[in-house]
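Peer 1: The following block contains the structure, expressed as structure tokens.
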4 protein chains.
Amino acid sequence: MYNQTLILIQCKDAVGLVSGISNSIAKHQLNIITMREYVDEEHNKFFVRVVCSGQLPSTASLLEDLRQALPEHADIQINPTNRKKLVVLVTKEHHCLADILTRHYFDTLQGEVQAVIGNYDTLKEFTEKFDIPFHYISHENKDKKDFEQEITDSIDHYAPDYIILAKFMRILSPNFVQHFERRLINIHHSFLPAFIGANPYRQAHDRGVKIIGATAHFVTDDLDEGPIIVQNTKSVDHSYDLNRMKTAGKEIEKAVLTRAIQLIMEDRVILNGNKTIVFKS
Amino acid sequence: MYNQTLILIQCKDAVGLVSGISNSIAKHQLNIITMREYVDEEHNKFFVRVVCSGQLPSTASLLEDLRQALPEHADIQINPTNRKKLVVLVTKEHHCLADILTRHYFDTLQGEVQAVIGNYDTLKEFTEKFDIPFHYISHENKDKKDFEQEITDSIDHYAPDYIILAKFMRILSPNFVQHFERRLINIHHSFLPAFIGANPYRQAHDRGVKIIGATAHFVTDDLDEGPIIVQNTKSVDHSYDLNRMKTAGKEIEKAVLTRAIQLIMEDRVILNGNKTIVFKS
Amino acid sequence: MYNQTLILIQCKDAVGLVSGISNSIAKHQLNIITMREYVDEEHNKFFVRVVCSGQLPSTASLLEDLRQALPEHADIQINPTNRKKLVVLVTKEHHCLADILTRHYFDTLQGEVQAVIGNYDTLKEFTEKFDIPFHYISHENKDKKDFEQEITDSIDHYAPDYIILAKFMRILSPNFVQHFERRLINIHHSFLPAFIGANPYRQAHDRGVKIIGATAHFVTDDLDEGPIIVQNTKSVDHSYDLNRMKTAGKEIEKAVLTRAIQLIMEDRVILNGNKTIVFKS
Amino acid sequence: MYNQTLILIQCKDAVGLVSGISNSIAKHQLNIITMREYVDEEHNKFFVRVVCSGQLPSTASLLEDLRQALPEHADIQINPTNRKKLVVLVTKEHHCLADILTRHYFDTLQGEVQAVIGNYDTLKEFTEKFDIPFHYISHENKDKKDFEQEITDSIDHYAPDYIILAKFMRILSPNFVQHFERRLINIHHSFLPAFIGANPYRQAHDRGVKIIGATAHFVTDDLDEGPIIVQNTKSVDHSYDLNRMKTAGKEIEKAVLTRAIQLIMEDRVILNGNKTIVFKS
């Protein structure tokens, strides 16, 4: 993204917004490469993501021009951190973590993995191969509150932009969720809202479904109810027993979570109430 | 399927079943083209679908041999009706019916559509273009019981093998469902078990899902809980309003229902409790 | 698309184009709903498709403003015909035609099918069910030149916006293609550029491929080399004999051609040399 | 696959083969779990893959019984090596290798990676993290013949069951290919037979395709002409420049190659002339 300027705006919808925004951009001698906008008519809100070629002499000056051109209380971001920091939480399953860490190692994740925290030490050896610190914080013989406080302290030490729950199998308290509001990304092993809660593959197997899936979503207070970022599915048939369903499902979980992370790293995901806007291209 | 023999068997699982079955088949000078079997280990049940080349001199004799070779109470079908009869129930939406009737017209559906019954007359003109009788049975100003009795009588007149609910938008009573047990096929406009009940696209839109889908299933007492035959999904994004979601969904509904019908016409779908076994190839 | 204004522009790329365009639009009190642009950097060309809400008092005045704002020789279209006229050419296979005519009948195709021309009369009866004229123009006992002249005359009589080759199995001469330049849409039964030419399913079967596909494209002089509009594929396996491959392929052909037609009807497909730009949303 | 017996057979087709095979199996007190067969009618060949539960007291005795029951020259394998050995060849691109090595590390690949050979040392550090030997054999300043001899010696040292070309970017001589006949697996970065040869993504980009793909295949003398094992595709659009196409393509390449390896590890892939039979379930 070198030599490019990224602008993210959300504000009340009005006539002439694109005109106002593109005038400000043209005034600063930037050339629009892609401009994706969305109007949420139900809530009368306007969202836009603009990529411009050319480097910006003065961010402050463009910001001022955009403020003039836009309604009050517009949320304007120019070149948000383009190397976001991540802390990853895991339990025992490796598939999502392995994909994240190898992409990180070869620098195709676009974010910076600062640390991995596990409530088991199963994935410590693997993590440390990549010179990423692994913090083992067991939940055993501990109050949930104390356990979460330890994790919170460990995360806060890194001040990450996002916390990735890469098959972290402990249910989080509302306090924890609120502390990291809008920064917690989870992978749920079903195509939500089907099979909310525990053991979705067992539920799916018992129901005799012909598709399984996975959902990456922001975590909010309501378990498995947060804004969905990416979902995908795969066909299965009667011959899939529970284990084969889980094995097939892991491939989708991994792909869906990695895709969600990449979209977030590129500032393509915008929260809009209980939904997301995802500007894929 | 001319000059082929189709054998469907379900029975208690045991050692030597394939041997016993294939011996009986070989004895009758039939050559096995495809043999697909499935063992439901949880319920200790064995299912097989065999296609043989060569014509059978005596069905009774093969049946007798198979009975000898198999455990007691085995369910054996040799060459079940290979041109099954269908009655289609509709309301106002045309997409599923249009696909069924054009395939029927060009003889690629493999079944025989005997009649269409609608609780509106919206699709009467279209149906009659194909010389299929259309029975308009309104639900208005009528007890549910009377309405269903009229439909039941109309269906029973044709004695169809299957009744296809091709976007029939009235909820059916347990009595009706029981009367046509194992013969009622419905298309539900979501990937069950997500969005059970009314207005699944509105539910999906409100939830901000990134995939929509459709499910063809046998109808049982519990609404939308019957054995699933075929499911499929399609990616959507934030820019889909409710109407566009419905339009995209109709393509999946149509494809899923038609696929389910074709699989059933070819005796590839076997009921197993609240699940189906589908031998696709 | 009632009460909406559609603007299509292509011109030399330059700084400030979006600004100039959106200013012109804002001046006319139109509100931009979606704006999709693409810059072909290799050829320094800019393309944009804008949908605005609100009705335009004066097309001429907006056109004049846009001319002022844009480089010389810009190609500007405001509200191109939104009910395009189609003539469909067929041979014997029904699947693509059936899908087009049923969608046309229920008014979900968005275009106007004026006539069907067949070099066999196989599909005459079906076509006439929908009160669409069918012209049977045999190629037998006729010079190719005469055959094509007859077809050309028949098509020109309707002056259609597009001619759809819905499994029309005669190779067309360069003269014919040039006469209908940029207006001929073909469905090729493979994922081009694989299996150019005759019998692509036989070629695919002999090669042992694990996917088959179809391609909708504009027809140019070079057989099967025109700009691609839509492609899709489907997995197959060793058990597919040639017939089953063809049957599976027909489902893709139908879906791909119909999708291409719908995209063209909505002015979402823009020719750019030997490629297309397709603004799907 | 503990406590299971796997039987692979290919022979001339005949009446009664399934009967003969299943009798032999039943005689040895094994229970058939899955039996997948395929008849190549064109070449009059029969193929079967049988999984039985129960352990075999005497392989020799079952083999003898099967020989009696089958036509002359039948190829019978009972429990072929179930932990196959692999050597992986790479150049500079990491995506396929990373997937193979992480799956190997977590023991979900099912095969045994013995060594990695690279004509650059780019991937040495990564490989050695997993305690796998990396042999750097440069092609520079060397005859092709000498280069291939060095690689051949290095591979032969390990006597692997299969050699995986995981984006190995040197064209191999017929001699090399013959030396490793039926053991060389390649990933080609297009959906063959489209875009044979060099730079398939550039070819695809220039042609303006709407799908890209990848193909895993056995290597034979004819470049990119060997039997196809797995193929998959992904939709792209006009906005994909060459780099983005390559990036998207790498995800497919990786998935397709890994899938092919897994199928081979489980003895699900059977060579049949220039095609493969793949018993997926």
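Peer 1: Enumerate the helices (runs of 4 or more DSSP H) found wholly within the range C:39-129, keeping only those where 1 or more residues are in the same structural domain as C:K12 (by TED's automatic domain parsing) and within 18 Å of C:T5 (Cβ to Cβ). Steps first, answer last, please.
Peer 2: On the way: elements: C:59-69, C:95-105, C:124-129.
Qualifying helices (runs of 4 or more DSSP H): C:59-69.
Peer 1: Can you pull out every residue in the range A:18-39 that is touching a strand residue (DSSP E or B) at 6+ places or on another chain (Cβ under 6 Å) and open to solvent by 10 Å² or more (accessible area, probe 1.4 Å)?
Peer 2: A:N31, A:I32, A:I33, A:T34, A:R36, A:E37, A:Y38, A:V39, listed by residue number.
Peer 1: Now for a different question. Restricting attention to the range C:39-68, which residues are under 19 Å from A:I25 (Cβ atoms) and at pLDDT below 95?
Peer 2: C:V39, C:E41 - these are the residues of the range C:39-68 that are under 19 Å from A:I25 (Cβ atoms) and at pLDDT below 95.
Peer 1: Can you tell me which residues in the range B:109-122 are modelled with pLDDT under 95 and open to solvent by 10 Å² or more (accessible area, probe 1.4 Å)?
Peer 2: B:Q110
Peer 1: Out of all the residues in the range B:45-68, is one or more open to solvent by 40 Å² or more (accessible area, probe 1.4 Å), within 21 Å of B:G273 (Cα to Cα) and touching a residue at least 24 places away in the same chain (Cβ under 8 Å)?
Peer 2: For the range B:45-68, residues open to solvent by 40 Å² or more (accessible area, probe 1.4 Å), within 21 Å of B:G273 (Cα to Cα) and touching a residue at least 24 places away in the same chain (Cβ under 8 Å): present.
Peer 1: How many of the residues making up the range A:79-99 are modelled with pLDDT of 95 or more and open to solvent by less than 70 Å² (accessible area, probe 1.4 Å)? Show your work before the answer.
Peer 2: Going residue by residue through the range A:79-99, those that are modelled with pLDDT of 95 or more are A:84-99.
Subset that is open to solvent by less than 70 Å² (accessible area, probe 1.4 Å): A:84, A:86-91, A:93-99.
Total satisfying the criteria: 14.
Peer 1: Let me ask you something else. Can you give me the number of residues within the range A:209-245 that are more than 19 Å from D:K280 (Cβ to Cβ), out of contact with any helix residue (DSSP H, G or I) (no Cβ under 7 Å at 6 or more places or on another chain) and of a type in the set (D, E)?
Peer 2: Count: 3.
Peer 1: Here is a further query. Where residues in the range B:178-197 are of a type in the set (A, V, I, L, M, F, W, C) and open to solvent by less than 10 Å² (accessible area, probe 1.4 Å), which of them is nearest to the other protein chains (Cβ to nearest Cβ)?
Peer 2: Taking the range B:178-197 and keeping what is of a type in the set (A, V, I, L, M, F, W, C), we get B:180, B:184-185, B:187, B:191-192, B:194-196.
Next cut, open to solvent by less than 10 Å² (accessible area, probe 1.4 Å) only: B:180, B:184-185, B:187, B:191-192, B:194.
Details: B:F180: 21, B:L184: 17, B:I185: 14, B:I187: 14, B:F191: 6, B:L192: 7, B:A194: 4 Å.
So, considering only residues that are of a type in the set (A, V, I, L, M, F, W, C) and open to solvent by less than 10 Å² (accessible area, probe 1.4 Å), the one nearest to the other protein chains (Cβ to nearest Cβ) is B:A194.
Peer 1: Do we have A:I228 as open to solvent by less than 10 Å² (accessible area, probe 1.4 Å) and at pLDDT 95 or above here?
Peer 2: On the way: open to solvent by less than 10 Å² (accessible area, probe 1.4 Å): yes; at pLDDT 95 or above: yes.
Against the criterion (open to solvent by less than 10 Å² (accessible area, probe 1.4 Å) and at pLDDT 95 or above), A:I228 qualifies.
Peer 1: State yes or no: is C:K246 more than 11 Å from every other protein chain (Cβ to nearest Cβ) and of a type in the set (K, R)?
Peer 2: Working: more than 11 Å from every other protein chain (Cβ to nearest Cβ): yes; of a type in the set (K, R): yes.
Yes: the conditions hold for C:K246.
Peer 1: Condition test on B:S239, is it over 30 Å from B:R83 (Cα atoms), hydroxyl-bearing (S, T, Y), more than 7 Å from chain A (Cβ to nearest Cβ) and open to solvent by 30 Å² or more (accessible area, probe 1.4 Å)?
Peer 2: Working: over 30 Å from B:R83 (Cα atoms): yes; hydroxyl-bearing (S, T, Y): yes; more than 7 Å from chain A (Cβ to nearest Cβ): no; open to solvent by 30 Å² or more (accessible area, probe 1.4 Å): yes.
No.
Peer 1: Count, please, the residues in the range A:211-242 that happen to be under 19 Å from the mean Cα position of the chain (by Cα) and small (G, A, S). Reasoning before the result, please.
Peer 2: Of the residues in the range A:211-242, the ones under 19 Å from the mean Cα position of the chain (by Cα) are A:213-233.
Restricting the remaining residues to those that are small (G, A, S) gives A:213-214, A:216, A:226.
Adding up the residues that qualify gives 4.
Peer 1: Restricting to the range C:73-103, name every residue that is within 14 Å of chain B (Cβ to nearest Cβ) and not charged (D, E, K, R). Before the answer, list the steps.
Peer 2: Residues of the range C:73-103 within 14 Å of chain B (Cβ to nearest Cβ): C:90, C:92-103.
Listed by number, the residues that qualify are C:V90, C:H94, C:H95, C:C96, C:L97, C:A98, C:I100, C:L101, C:T102.
Peer 1: Among the residues of the range B:212-229, are any closer than 28 Å to A:S190 by Cα, part of a loop (DSSP other than H, G, I, E, B) and facing another protein chain (nearest Cβ under 9 Å)? Steps first, answer last, please.
Peer 2: Pass one, the range B:212-229, residues closer than 28 Å to A:S190 by Cα: B:212-229.
After this cut, where a residue has to be part of a loop (DSSP other than H, G, I, E, B) as well, the list is B:219-227.
Keeping just the survivors that are facing another protein chain (nearest Cβ under 9 Å) gives B:225, B:227.
There is at least one residue in the range B:212-229 that is closer than 28 Å to A:S190 by Cα, part of a loop (DSSP other than H, G, I, E, B) and facing another protein chain (nearest Cβ under 9 Å).
Peer 1: Considering only the range A:249-264, state which residues are within 13 Å of chain D (Cβ to nearest Cβ) and among the acidic types (D, E).
Peer 2: Answer for the range A:249-264, where residues must be within 13 Å of chain D (Cβ to nearest Cβ) and among the acidic types (D, E): just A:E251.
Peer 1: Determine, yes or no, whether A:F106 is out of contact with any Cys (no Cβ under 6 Å at 6 or more places or on another chain), surrounded by fewer than 16 Cβ atoms within 10 Å (Cβ to Cβ) and within 13 Å of another protein chain (Cβ to nearest Cβ).
Peer 2: Values: out of contact with any Cys (no Cβ under 6 Å at 6 or more places or on another chain): yes; surrounded by fewer than 16 Cβ atoms within 10 Å (Cβ to Cβ): yes; within 13 Å of another protein chain (Cβ to nearest Cβ): yes.
Here the answer is yes, as A:F106 does meet what is asked.
Peer 1: I would also like to ask the following. Select from the range A:177-193 the residues that are under 14 Å from the mean Cα position of the chain (by Cα) and assigned to a loop (DSSP other than H, G, I, E, B) and list them in ascending order. Please lay out each step first, then the result.
Peer 2: So the first thing to find is which residues in the range A:177-193 are under 14 Å from the mean Cα position of the chain (by Cα), and the list is A:180-188.
Result: A:F180, A:E181, A:R182, A:R183.
Peer 1: Being touching a helix residue (DSSP H, G or I) at 6+ places or on another chain (Cβ under 9 Å), under 19 Å from A:N23 (Cα atoms) and away from every other protein chain (no Cβ under 12 Å) is the requirement here; does C:L70 meet it? Steps first, answer last, please.
Peer 2: On the way: touching a helix residue (DSSP H, G or I) at 6+ places or on another chain (Cβ under 9 Å): yes; under 19 Å from A:N23 (Cα atoms): yes; away from every other protein chain (no Cβ under 12 Å): yes.
Judged against the criteria, C:L70 is a match.
Peer 1: With in the same structural domain as B:G111 (by TED's automatic domain parsing), touching a residue at least 40 places away in the same chain (Cβ under 8 Å), open to solvent by less than 70 Å² (accessible area, probe 1.4 Å) and in contact with a Phe, Trp or Tyr (Cβ under 6 Å, 6 or more places away or on another chain) as the only criterion, which of B:T220, B:T233 stands out? Outline the logic, then answer.
Peer 2: Numbers: B:T220 fails: in contact with a Phe, Trp or Tyr (Cβ under 6 Å, 6 or more places away or on another chain).
Testing whether each residue is in the same structural domain as B:G111 (by TED's automatic domain parsing), touching a residue at least 40 places away in the same chain (Cβ under 8 Å), open to solvent by less than 70 Å² (accessible area, probe 1.4 Å) and in contact with a Phe, Trp or Tyr (Cβ under 6 Å, 6 or more places away or on another chain) leaves just B:T233.
Peer 1: Does D:R202 satisfy the criteria of being away from chain C (no Cβ under 11 Å) and not aliphatic (A, V, I, L, M)?
Peer 2: Working: away from chain C (no Cβ under 11 Å): yes; not aliphatic (A, V, I, L, M): yes.
Considered against the rule, which asks whether it is away from chain C (no Cβ under 11 Å) and not aliphatic (A, V, I, L, M), D:R202 comes out as yes.
Peer 1: Out of curiosity, is B:I132 open to solvent by less than 30 Å² (accessible area, probe 1.4 Å) and closer than 26 Å to B:G197 by Cβ?
Peer 2: Working: open to solvent by less than 30 Å² (accessible area, probe 1.4 Å): yes; closer than 26 Å to B:G197 by Cβ: no.
The answer is no for B:I132.
Peer 1: Continuing with this model, one more query. Filter the range C:137-157 for residues that are surrounded by fewer than 16 Cβ atoms within 10 Å (Cβ to Cβ) and among the small types (G, A, S) and give the result.
Peer 2: Answer for the range C:137-157, where residues must be surrounded by fewer than 16 Cβ atoms within 10 Å (Cβ to Cβ) and among the small types (G, A, S): just C:S138.
Peer 1: Keeping to the range B:1-24, report how many residues are more than 7 Å from every other protein chain (Cβ to nearest Cβ) and β-branched (V, I, T).
Peer 2: Going through the range B:1-24 one residue at a time, the tally reaches 4.
Peer 1: State yes or no: is D:K84 of a type outside the set (A, V, I, L, M) and within 20 Å of the chain's Cα centre (by Cα)? First the steps, then the outcome.
Peer 2: On the way: of a type outside the set (A, V, I, L, M): yes; within 20 Å of the chain's Cα centre (by Cα): yes.
When the stated conditions are applied, D:K84 passes them.
Peer 1: Hey, another quick one. Might you check whether a residue that is farther than 20 Å from A:E93 by Cα and among the aromatic types (F, W, Y) occurs anywhere in the range A:173-182?
Peer 2: First pass over the range A:173-182, keeping only residues farther than 20 Å from A:E93 by Cα: A:173-182.
Applying the additional criterion that residues be among the aromatic types (F, W, Y) yields A:176, A:180.
Yes, because at least one residue in the range A:173-182 is farther than 20 Å from A:E93 by Cα and among the aromatic types (F, W, Y).
Peer 1: Still on this model: Between a residue in the range C:146-165 that is closer than 20 Å to C:N82 by Cα and any residue that is aromatic (F, W, Y) and open to solvent by less than 20 Å² (accessible area, probe 1.4 Å), which pairs come within a Cβ distance under 7 Å, given they are 6 or more apart or on different chains?
Peer 2: What qualifies is C:I163/C:F180.
The values are calculated or read from the model by the stated rules, or taken from the named source; none is laboratory data. Nothing here was measured: the structure is a model prediction, and the numbers come from that model. Positions of Cβ are generated from backbone atoms using ideal geometry, with glycine treated the same way; all protein chains shown enter the neighbour counts. Areas reflect the complete protein model, heavy atoms only, side chains present, ligands, DNA and RNA absent. Shrake-Rupley method; radii C 1.70, N 1.55, O 1.52, S 1.80 Å.
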